[in-house]
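Only one structure is covered here, and it is reproduced in the block below.
The values are calculated or read from the model by the stated rules, or taken from the named source; none is laboratory data. All figures in this text were calculated on a predicted structure; none of them were measured in a lab. Heads up, the Cβs are rebuilt from the backbone with ideal geometry, glycines too, and the neighbour counts pull from every protein chain shown.
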Amino acid sequence: MGQVNGIGNVNRIERVVIVGGGTAGWMAAAALARFFNDGRRRITLVESDAIGTVGVGEATIPPIANFNAMLDIREDEFLRATRGTYKLGIEFVNWGRQGDRYFHPFGSYGQSFHGIAFHQLFLREQARGAGSGTIGDYSMSTAAAMAGKFARPAPGAKSVVNQIAYAYHFDAGLYAAFLRKMAEQRGVRRIEGKIETVERHGESGDVQAVVLENDTRVEGDLFIDCSGFRGLLIEDTLEAGYEDWSHWLPMDRAIAVPSRNVGTPPPFTRSTAHGAGWQWRIPLQHRTGNGHVFSSGYMQEDEAREILMANLDGEPLAEPRTLRFCTGMRKKAWSHNVVSLGLSSGFIEPLESTSIHLIQNGIARLFALFPDNPVSPIERDEYNRGMRELYEDVRDFIILHYKATQRGDTEFWRYVRDMEVPASLARKIDLWRLHGRVFRENAELFVADSWIAVMLGQNIWPESYDAIADSLDPDRVAAAMHQMRAAYRETAEKLPAHEAFIRQSNGWHLDEPLAAPLSSIAS
């Protein structure tokens with residue numbers, strides 16, 4: 001057949017093989033089954049029950065709701081299946097100085113006035129000494145979180161409730177099982193077994209097949225590597241290379257342990273800084289996830305474990321488990337006909353709950369650039385460029401939390417406080433220090449309000465505010481800000497309690513509390 005309007009016949013990818021299960025593997029499988037299982041394509045996932053998975057976490061950021069909606073997952077069903085709760089943001093303890101607390105909320109701060117960014121007016125009021133409160137007083141998500149309340153936003157309604165943004169806490173193992181059931185119902189074939197060898201094409205170098213210990217041979221046109229830190233295909237086979245960022249983010253260990261809930265679960269994650277790292281607390285319906293992320297170069301593992309166990313809210317439900325990692329990313333997330341997702345692609349510590357989002361974004365980017373056979377280097381290079389940009393943006397935001405500290409009580413905190421940071425981050429900090437200016441660049445994940453939350457929360461105040469803020473009448477602005485603070489506070493008081501909302505919306509799992517094994521590192 002000839003061409004029509006310049007469009008000719010192409011060889012479509014017909015066999016997609018996913019290597020590894022866990023959160024990354026089953027997210028990819030469920031998404032592929034939803035959009036690419038057209039009767040011609042075969043989607044196969046190979047995993048072994050004998051190989052444990054490292055879940056990429058129990059805490060997420062708001063875009064996860066878009067992924068679930070894309071798969072037609074109802075929120076109440078999802079929460080029941082994963083023992084999930086809502087997350088309105090993260091509370092940070094002891095990060096700027098010991099004894100400090102601040103909240104990084106989802107959603108926006110206040111409302112702009114005549115196109116002037118709200119935070120510039122807040123900075124002006126602070127400079128005037130006008131009693132304008134804290135930046136958190138102008139966040140609906142912060143007000144609700146601190147009150148232990150929750151409600152879904154109501155876009156279009158004349159209420160500040162519509163400024164709430166949220167994500168979830170959930171059991172990563174249960175989420176993978178939930179997605180597995182969905183994927184298999186939609187035609188994904190799962191093969192159990194360990195991979196013994198990988199076969200490559202003699203000329204192109206592409207992966208042709210994986211061969212299991214029982215000699216089962218699984219052929220594919222496109223392979224998705226979800227094999228974890230090892231990177232069975234992307235690294236062991238294709239030697240894509242790894243870019244090490246541990247000189248900026250020296251944490252290389254995490255000790256994780258579940259504990260019994262001691263009360264109703266709060267709608268936020270907590271991150272508490274210790275002498276050489278930090279501890280997470282993630283509340284689920286049936287337990288609390290806890291972990292201590294630390295640098296083995298500055299603290300021994302025994303000490304890190306003691307600190308974790310001494311700071312649990314409730315009784316531990318299992319023995320603590322140590323995980324080892326190196327912060328960084330693959331130099332090529334996509335090499336030949338192999339796309340890496342999750343830990344195979346890279347790892348950035350879970351301080352801002354980004355690991356599941358990096359999987360989600362990788363899947364979405366793959367769909368946007370889904371190749372024909374053979375793979376075009378143009379599309380492959382564009383994928384790698386976009387993933388590098390995303391990883392570096394997230395990296396810079398995480399480094400900010402360490403750089404923006406006044407702590408000097410340990411060698412660790414002195415090192416991260418005084419270290420040189422990437423030029424991209426240094427430029428952002430310098431712009432902020434002058435006039436409180438912060439800009440979202442390209443498709444950067446974290447919006448201006450997130451940078452503002454951390455900068456102000458960790459005591460980095462600009463020398464002055466933007467002069468444009470002086471164009472507005474100070475009395476009118478002060479009155480409007482007073483009304484805003486009152487509206488957020490009063491609205492939060494009227495919202496349902498967090499657990500009550502989940503129960504009322506039929507999202508609470510009714511079984512007895514479970515002591516499920518923890519396989520996550522709080523991402």
Original post:
Which number in (1) on the phi > 0 side of the Ramachandran plot; (2) in contact with a strand residue (DSSP E or B) (Cβ under 8 Å, 6 or more places away or on another chain) marks the one condition that residue 205 misses?
Top reply: (2)
**OP:** Run residue 103 past the list (1) of a type in the set (Phe, Trp, Tyr); (2) in a strand (DSSP E or B); (3) farther than 29 Å from residue 491 by Cα and report the number of the one that doesn't hold.
**Re:** (3)
**OP:** Sort out which residues of segment 379-406 are closer than 20 Å to residue 431 by Cβ and among the acidic types (Asp, Glu), and write them in order of number.
**Re:** 389, 392, 393, 396
**OP:** For residue 217, work out the one condition from (1) among the basic types (Lys, Arg); (2) assigned by TED's automatic domain parsing to the domain that holds residue 22; (3) buried (at least 18 other Cβ atoms within 10 Å of the Cβ) it doesn't fulfil.
**Re:** (3)
Original post:
When residues of segment 329-353 are filtered for being of a type in the set (S, T, N, Q) and either free of Cβ contacts under 8 Å to residues at least 12 places away in the same chain or assigned to a helix (DSSP H, G or I) (or both), how many remain?
Top reply: 1
Original post:
Listed residues 99, 110, 115, 129; which is among the small types (Gly, Ala, Ser), surrounded by fewer than 24 Cβ atoms within 10 Å (Cβ to Cβ), at positive phi and outside the structural domain of residue 466 (by TED's automatic domain parsing)?
Top reply: 99
Original post:
So, in segment 113-133, of the ones that are within 21 Å of residue 447 (Cβ to Cβ) and without any contact (Cβ under 8 Å) to a residue 24 or more places away in the chain, which residue ends up farthest from the chain's Cα centre (by Cα)?
Top reply: 115
**OP:** Determine if segment 381-396 includes at least one residue that is touching a residue at least 40 places away in the same chain (Cβ under 8 Å), outside any loop (DSSP other than H, G, I, E, B) and touching an Asp or Glu at 6+ places or on another chain (Cβ under 6 Å).
**Re:** yes
Original post:
Does segment 462-481 hold any residues that are among the hydroxyl-bearing types (Ser, Thr, Tyr) and assigned to a helix (DSSP H, G or I), and which are they?
Top reply: 471
Subject >> Near pairs, Cβ below 6 angstrom, 6+ apart or cross-chain, from segment 29-48 (farther than 19 Å from residue 176 by Cβ and in the same structural domain as residue 192 (by TED's automatic domain parsing)) to any residue that is in a strand (DSSP E or B) and basic (Lys, Arg) >> reply: 42/15
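Sort out which residues of segment 255-287 are in contact (Cβ under 8 Å) with a residue 60 or more places away in the chain, within 21 Å of residue 82 (Cβ to Cβ) and assigned to a loop (DSSP other than H, G, I, E, B), and write them in order of number. Write out each step before concluding.
Going through segment 255-287, the residues in contact (Cβ under 8 Å) with a residue 60 or more places away in the chain turn out to be 255-258, 260-261, 264-278, 280, 282-287.
The next check asks that each one be within 21 Å of residue 82 (Cβ to Cβ); those that pass are 256-258, 260-261, 264-270, 280, 282-287.
Selection gives 260, 261, 264, 265, 266, 267, 268, 284, 285, 286, 287.
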Original post:
Among (1) part of a loop (DSSP other than H, G, I, E, B); (2) acidic (Asp, Glu); (3) touching a residue at least 60 places away in the same chain (Cβ under 8 Å), where does residue 91 come up short?
Top reply: (1)
Original post:
On the given criteria, is residue 191 in contact (Cβ under 8 Å) with a residue 60 or more places away in the chain and buried (at least 22 other Cβ atoms within 10 Å of the Cβ)?
Top reply: no
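Okay, residues lined up against (1) crowded, with 24+ Cβ neighbours inside 10 Å; (2) assigned by TED's automatic domain parsing to the domain that holds residue 339; (3) modelled with pLDDT under 95:
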position	(1), (2), (3)
230	no, yes, yes
237	no, yes, no
259	no, no, no
270	no, no, no
285	yes, no, no
302	no, no, no
307	no, no, no
313	no, no, no
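Can you spot a residue in segment 400-421 that is modelled with pLDDT of 95 or more, among the aromatic types (Phe, Trp, Tyr) and within 21 Å of residue 453 (Cβ to Cβ)? Spell out the reasoning first.
Within segment 400-421, the subset modelled with pLDDT of 95 or more is 400-421.
Okay, now just the ones that are also among the aromatic types (Phe, Trp, Tyr), so 402, 412-413, 415.
From the residues that got through so far, the ones that are within 21 Å of residue 453 (Cβ to Cβ) too are 402, 413.
Yes.
Would it be correct to say that residue 340 is of a type outside the set (Asp, Glu), modelled with pLDDT of 95 or more and closer than 18 Å to residue 227 by Cα?
Values: of a type outside the set (Asp, Glu): yes; modelled with pLDDT of 95 or more: yes; closer than 18 Å to residue 227 by Cα: yes.
Answer is yes for this residue.
Would you say residue 453 is over 23 Å from residue 243 (Cα atoms) and crowded, with 20+ Cβ neighbours inside 10 Å?
Numbers: over 23 Å from residue 243 (Cα atoms): yes; crowded, with 20+ Cβ neighbours inside 10 Å: yes.
When the stated conditions are applied, residue 453 passes them.
Restricting to segment 24-46, name every residue that is among the polar types (S, T, N, Q) and at pLDDT below 95.
Within segment 24-46, the first condition is being among the polar types (S, T, N, Q), and the residues that meet it are 37, 44.
37 - this is the single residue of segment 24-46 that is among the polar types (S, T, N, Q) and at pLDDT below 95.
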Original post:
Within segment 296-328, which residues are of a type in the set (S, T, N, Q), part of a loop (DSSP other than H, G, I, E, B) and over 17 Å from residue 412 (Cα atoms)?
Top reply: 311
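Of 76, 137, 49, which residue is in a loop (DSSP other than H, G, I, E, B) and charged (D, E, K, R)?
Result of the check over 76, 137, 49: 49.
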Subject >> Subset of segment 432-470 [at pLDDT 95 or above and polar (S, T, N, Q)] >> reply: 450, 458, 459, 464
